[in-house]
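The values are calculated or read from the model by the stated rules, or taken from the named source; none is laboratory data. Nothing here was measured: the structure is a model prediction, and the numbers come from that model. So basically every Cβ, Gly included, is an ideal-geometry build from the backbone, and we count neighbours across all protein chains shown.
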Amino acid sequence: MDLYSLLRPLIYKLTPEQAHNLTIAMLRLGGGIAPGRWVIQAMFRARQNGPAVKAFGLTFPNPLGMAAGYDKDGFGWRGLAGLGFGHIEVGTVTPLGQPGNPLPRCFRLVPDEAVIVNFAIAPEFWQQGLGAQLLEHTLNIMQESGISAVYLDVRRSNLAALVLYAKYGFRTLGVRKNYYSEPVEDALVMVRHTHG
């Protein structure tokens, strides 16, 4: 019997949002200390590397990535890295606090083995208007951990965000279409190199 089969009855006693928050807390705790990262890698990392993927001028170790929205505050990224993802997106990052969607905003689709998450900008730090401070803190930790670069997509129309991220050392790398906005608009791809 695998670990998920053992834990599933306990997970289903929680609401989907409670289960989500618990996994982030466990990834934060386990990823925050070297022995915890070793255990995560030993238990869950893929036994085989690759295939590597080249995209956007970057090389990713494999095609499997964690999309933005799962770890909105960027607390669990070190634990997620131990799971072997080829890339990890954290956030949504906003310069000012915003309320999240009303509860319930996370739903299980049991027959489909899926979850629908509709938090919007829900994390506590963003609601308190501490997004910029948290971003700076997380970037400093990533730099100390040897992460080579951090990328952001920022709506071209969001001048306040562009100014804020430039203040934190991000520069514009290129432009892409932001298909998540209504209407579709250009987003600037910004990068901050953490070394050299």
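Which condition from (1) at pLDDT 90 or above; (2) in a loop (DSSP other than H, G, I, E, B) is the one that Pro9 breaks? Here Pro9 clears every test but (2).
For the range 82-116, filtered to residues that are of a type outside the set (A, V, I, L, M) and assigned to a strand (DSSP E or B), the residue that is modelled with the lowest pLDDT is Gly100.
Identify the residue in the range 42-58 that is in a loop (DSSP other than H, G, I, E, B) and over 29 Å from Glu17 (Cβ atoms) and, among all such residues, is modelled with the highest pLDDT.
Residues of the range 42-58 in a loop (DSSP other than H, G, I, E, B): 45-52, 56-57.
With over 29 Å from Glu17 (Cβ atoms) added as a condition, the list becomes 47-52, 56-57.
Details: Arg47: 76, Gln48: 76, Asn49: 78, Gly50: 79, Pro51: 92, Ala52: 89, Phe56: 68, Gly57: 70.
Ranking the qualifying residues of the range 42-58, first place goes to Pro51.
Residue check: Val39 meets all listed conditions (1) modelled with pLDDT of 90 or more; (2) under 24 Å from Thr138 (Cα atoms); (3) part of a loop (DSSP other than H, G, I, E, B) but one, namely (3). Residues in the range 1-42 that are out of contact with any helix residue (DSSP H, G or I) (no Cβ under 8 Å at 6 or more places or on another chain) and of a type in the set (Lys, Arg): Arg8, Lys13. Note on the range 59-81: residues that are in contact (Cβ under 8 Å) with a residue 24 or more places away in the chain and not in a helix (DSSP H, G or I) amount to 13. Of the residues making up the range 39-58, those that are within 11 Å of Gly82 (Cα to Cα) and free of Cβ contacts under 8 Å to residues at least 12 places away in the same chain number 2.
Filter the range 7-38 down to residues that are surrounded by 14 or more Cβ atoms within 10 Å (Cβ to Cβ) and either in contact with a Ser or Thr (Cβ under 6 Å, 6 or more places away or on another chain) or under 20 Å from Arg78 (Cβ atoms) (or both), then give me how many there are. Break it down into steps so the answer makes sense when it comes.
Taking the range 7-38 and keeping what is surrounded by 14 or more Cβ atoms within 10 Å (Cβ to Cβ), we get 11, 15-17, 19-21, 23-24, 26-28, 30-32, 36-37.
In the following step, the residues that additionally are either in contact with a Ser or Thr (Cβ under 6 Å, 6 or more places away or on another chain) or under 20 Å from Arg78 (Cβ atoms) (or both) were identified as 20-21, 23-24, 26-28, 30-32, 36-37.
The qualifying residues number 12.
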